[in-house]
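**Student:** I am attaching a structure below and will ask some questions about it afterwards.
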Amino acid sequence: MNFISALETKINLQELENCIGQAVVEDKFIQEICTPLIGGGKRLRPLLFLTCSCANKNFSPTKEIPLAAALELIHTASLVHDDILDNAKKRRGVETINSMHGSQIAVLVGDYLFAKAFQLVAENDYGSEVSAVLSKLVKNLCLGEIIQDRSFFVVPTLEEYYTRINLKTAFFLSTCCRLGGIIAKLERTEIENLADYGGNLGLAFQIIDDLLDFFGEEKLTGKAVGGDLKSGVITLPIIRALEVSPRADALTKIIAQEKISCADVALAIEIIRETDAVEYCRTCAENHIAAAKNNLPAAIDATINLTLKQVADFVISRNR
Ligand code: FPP
Ligand code: MG
């Protein structure tokens, strides 16, 4: 991630790592089970927040590390809960907490990380607007997940798919950028533009994630291939393949079973591959990346503008 170097001239990123790590040291059991999971993230959300807060070149995010760490902790908490809902076995290359210790412990560990995030926010006095934005973020994350879980094994319309990925992913990246702009005291229109950039970035991020779920390498993504389909989450590659494949009936049959084997996943991948679904999804993601770059406010610091464009290029080209 070469975009990190621009940020490193302004901020010591080791402090971010220390702050995230410190959030789990109070209890030995929590520390033991959370450290491998916490260590494996890409840090996209806190880095986006910190980068956007540098968009005002007169502002240096020295007191913002705890808020950046809080964003990573909210994200990690949501993944711990997501893995329970998906009955996932692997996350960030390590065994999930639900798989190791059961769902009951995993619910509580997710809650713990979530509470730690809000403790960091409360203790650092970022003001009521930041708290309101964070509350809306968590509400939307939950809503996205509820919508998704209420329609397991149901093929969504394109509009329903977009509503879901907007709530569960795009809104998060948009929030990170918005918070950066708020903290740096940018003009309102610039904050909105940054938030729009984050929203489009997030849509592209989730579409690529949904492709990687079928076509990624397990050792790079850190999670099992076909996890979405097995847990009943029907994503864009399937939606498109169902629309254009001559073998759409076979794909529909797989989804209707609701108990999807590895052989079913392999067949679904074969059917998707025969169509233009991969290309279609990539084009959709690329369009959102182009829109994100267009959303960038012209008046912000030139280095940061370039960095945010590099983040966009990373999101479209990522394989993990
Ligand atoms: C991963 O997406 C999961 C999310 C983006 C959000 C999950 C949100 C919740 C469980 C509700 C919020 C909970 C708290 C504590 C804030 P994915 O399932 O598409 O990706 P994956 O393939 O990595 O699992
Ligand atoms: Mg999931």
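The values are calculated or read from the model by the stated rules, or taken from the named source; none is laboratory data. It should be emphasised that the depicted structure is a prediction, and the values quoted were computed from it without experimental measurement. FYI the Cβ positions are ideal-geometry reconstructions off the backbone, even for glycines, and counts take in every protein chain you see.
**Student:** Quick one: how many residues across segment 212-221 are within 11 Å of ligand 1 (Cβ to nearest atom) and either charged (D, E, K, R) or under 14 Å from the mean Cα position of the chain (by Cα) (or both)?
**Tutor:** Residues that pass the stated criteria total 3.
**Student:** Six or more apart or on different chains, Cβ under 8 Å: which pairs go from a residue in segment 215-242 that's free of Cβ contacts under 8 Å to residues at least 60 places away in the same chain and small (G, A, S) to one that's within 12 Å of ligand 2 (Cβ to nearest atom) and outside any loop (DSSP other than H, G, I, E, B)? Could you list them?
**Tutor:** From residues that are free of Cβ contacts under 8 Å to residues at least 60 places away in the same chain and small (G, A, S), the pairs are G226/D213.
**Student:** Please note which helices (runs of 4 or more DSSP H) are completely contained in segment 34-109 and include at least 3 residues that are within 13 Å of ligand 1 (Cβ to nearest atom), of a type in the set (D, E, K, R) and farther than 22 Å from Q14 by Cα.
**Tutor:** 65-86
**Student:** Identify all residues within segment 222-270 that are of a type in the set (G, A, S) and touching an Asp or Glu at 6+ places or on another chain (Cβ under 9 Å); write none if there are none.
**Tutor:** At the first step, the residues of segment 222-270 found to be of a type in the set (G, A, S) are 222, 224, 226-227, 231-232, 241, 245, 248, 250, 256, 261, 263, 266, 268.
Correct list: A224, G226, G227, S231, G232, A241, S245.
**Student:** Another question, if that's okay. Among L251, L220, L212, L267, which is the only one that is closer than 26 Å to N294 by Cβ and either touching a Leu at 6+ places or on another chain (Cβ under 9 Å) or among the polar types (S, T, N, Q) (or both)? Walk me through how you get there before you give the answer.
**Tutor:** Numbers: L251 fails: closer than 26 Å to N294 by Cβ; L220 fails: closer than 26 Å to N294 by Cβ; L267 fails: closer than 26 Å to N294 by Cβ.
Selected residue: L212, the only one of L251, L220, L212, L267 that is closer than 26 Å to N294 by Cβ and either touching a Leu at 6+ places or on another chain (Cβ under 9 Å) or among the polar types (S, T, N, Q) (or both).
**Student:** Of S135, S131, which residue is within 13 Å of ligand 1 (Cβ to nearest atom), without any contact (Cβ under 8 Å) to a residue 24 or more places away in the chain, within 21 Å of the chain's Cα centre (by Cα) and farther than 30 Å from G226 by Cα? Before the answer, list the steps.
**Tutor:** On the way: S131 fails: within 13 Å of ligand 1 (Cβ to nearest atom).
Going through S135, S131 in turn, just one is within 13 Å of ligand 1 (Cβ to nearest atom), without any contact (Cβ under 8 Å) to a residue 24 or more places away in the chain, within 21 Å of the chain's Cα centre (by Cα) and farther than 30 Å from G226 by Cα: S135.
**Student:** From the list E26, E32, E72, pick out the single residue that is touching a Gly at 6+ places or on another chain (Cβ under 7 Å), away from ligand 2 (no atom under 14 Å from the Cβ) and acidic (D, E). Steps first, please.
**Tutor:** Numbers: E26 fails: touching a Gly at 6+ places or on another chain (Cβ under 7 Å); E32 fails: touching a Gly at 6+ places or on another chain (Cβ under 7 Å).
Answer to the selection: E72.
**Student:** Residues of segment 2-23 being surrounded by 12 or more Cβ atoms within 10 Å (Cβ to Cβ), farther than 28 Å from F114 by Cβ and free of Cβ contacts under 8 Å to residues at least 60 places away in the same chain, which ones?
**Tutor:** Scanning segment 2-23 gives a single hit, K10.
**Student:** Let me ask something else about it. Going by what's in this entry, would L143 be described as near ligand 1 (Cβ under 9 Å from one of its atoms), in a helix (DSSP H, G or I) and more than 25 Å from G222 (Cα to Cα)? Show your work before the answer.
**Tutor:** On the way: near ligand 1 (Cβ under 9 Å from one of its atoms): yes; in a helix (DSSP H, G or I): yes; more than 25 Å from G222 (Cα to Cα): yes.
Yes; evaluated as a whole, the condition is true for this residue.
**Student:** Considering every residue within segment 155-168, establish whether at least one is buried (at least 17 other Cβ atoms within 10 Å of the Cβ) and not in a helix (DSSP H, G or I). Spell out the reasoning first.
**Tutor:** Residues of segment 155-168 buried (at least 17 other Cβ atoms within 10 Å of the Cβ): 156, 161-162, 164-168.
Narrowing the set further to residues that are not in a helix (DSSP H, G or I) leaves 156.
Yes, segment 155-168 contains at least one residue that is buried (at least 17 other Cβ atoms within 10 Å of the Cβ) and not in a helix (DSSP H, G or I).
**Student:** Determine whether L242 is away from ligand 1 (no atom under 16 Å from the Cβ), part of a loop (DSSP other than H, G, I, E, B) and surrounded by fewer than 24 Cβ atoms within 10 Å (Cβ to Cβ). Can you show your working first?
**Tutor:** Numbers: away from ligand 1 (no atom under 16 Å from the Cβ): yes; part of a loop (DSSP other than H, G, I, E, B): no; surrounded by fewer than 24 Cβ atoms within 10 Å (Cβ to Cβ): yes.
Answer is no for this residue.
**Student:** How many residues does segment 256-305 hold that are part of a helix (DSSP H, G or I), at pLDDT below 95 and surrounded by 13 or more Cβ atoms within 10 Å (Cβ to Cβ)?
**Tutor:** Result for segment 256-305: 3.
**Student:** With respect to I234, is the statement that it is away from ligand 1 (no atom under 11 Å from the Cβ) and under 16 Å from L85 (Cβ atoms) true? It would help to see each step written out before you state the result.
**Tutor:** Working: away from ligand 1 (no atom under 11 Å from the Cβ): yes; under 16 Å from L85 (Cβ atoms): yes.
When the stated conditions are applied, I234 passes them.
**Student:** Hey, I191 hits all of (1) among the β-branched types (V, I, T); (2) buried (at least 18 other Cβ atoms within 10 Å of the Cβ); (3) without any contact (Cβ under 8 Å) to a residue 40 or more places away in the chain; (4) over 19 Å from K136 (Cβ atoms) but one; which does it fall short on?
**Tutor:** (4)
Results for (1) more than 16 Å from A132 (Cβ to Cβ); (2) without any contact (Cβ under 8 Å) to a residue 40 or more places away in the chain, shown as yes or no for each residue.
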site	(1), (2)
V154	yes, no
E159	yes, yes
I165	yes, no
S174	no, yes
Y197	yes, no
Q206	yes, no
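**Student:** Another question, if that's okay. Please work out if G202 is surrounded by 21 or more Cβ atoms within 10 Å (Cβ to Cβ), free of Cβ contacts under 8 Å to residues at least 60 places away in the same chain and within 11 Å of ligand 1 (Cβ to nearest atom).
**Tutor:** On the way: surrounded by 21 or more Cβ atoms within 10 Å (Cβ to Cβ): yes; free of Cβ contacts under 8 Å to residues at least 60 places away in the same chain: yes; within 11 Å of ligand 1 (Cβ to nearest atom): yes.
Yes, satisfied.
**Student:** Please give the number of the condition T221 fails out of (1) modelled with pLDDT of 95 or more; (2) under 25 Å from L47 (Cβ atoms).
**Tutor:** (1)
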